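Written below as structure tokens is the structure these notes are about.
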Amino acid sequence: MNRESSEYNAKLALALSSRVRGRRQPALSSVRKVNEVNYLSPALKAGLIEMTDPDSPKSPKQRYRNKKTI
């Protein structure tokens, strides 16, 4: 594993772990919502990933990719 991917993984882990959690989380109706809340939203807010089609965030064809950091 190279240094760049290690830094990316550390940033991703920090973004996912810094999410505010209450004592109890409400039951979520779908796996998609769980993934969105636990993984996608924190990574998007941290600027680690981006949507391939930002105009249609709920599209079933929506994909995500690593943001280019140059």
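The values are calculated or read from the model by the stated rules, or taken from the named source; none is laboratory data. A quick note: this is a predicted structure, and the numbers were derived from the prediction, not measured. Here the Cβ is made from the backbone with ideal geometry for all residues, glycine too, and neighbour counts use every protein chain on show.
Identify the single condition in (1) surrounded by fewer than 10 Cβ atoms within 10 Å (Cβ to Cβ); (2) at pLDDT below 80 that LYS58 does not satisfy, given that it satisfies every other one.
Among (1) surrounded by fewer than 10 Cβ atoms within 10 Å (Cβ to Cβ); (2) at pLDDT below 80, LYS58 violates only (2).
Which of the residues spanning the stretch 14-55 are at pLDDT below 85, over 29 Å from GLU4 (Cβ atoms) and of a type outside the set (A, V, I, L, M)?
Those that are at pLDDT below 85, over 29 Å from GLU4 (Cβ atoms) and of a type outside the set (A, V, I, L, M): ARG21, GLY22, ARG23, ARG24, GLN25, PRO26, SER29, SER30, ARG32, LYS33.
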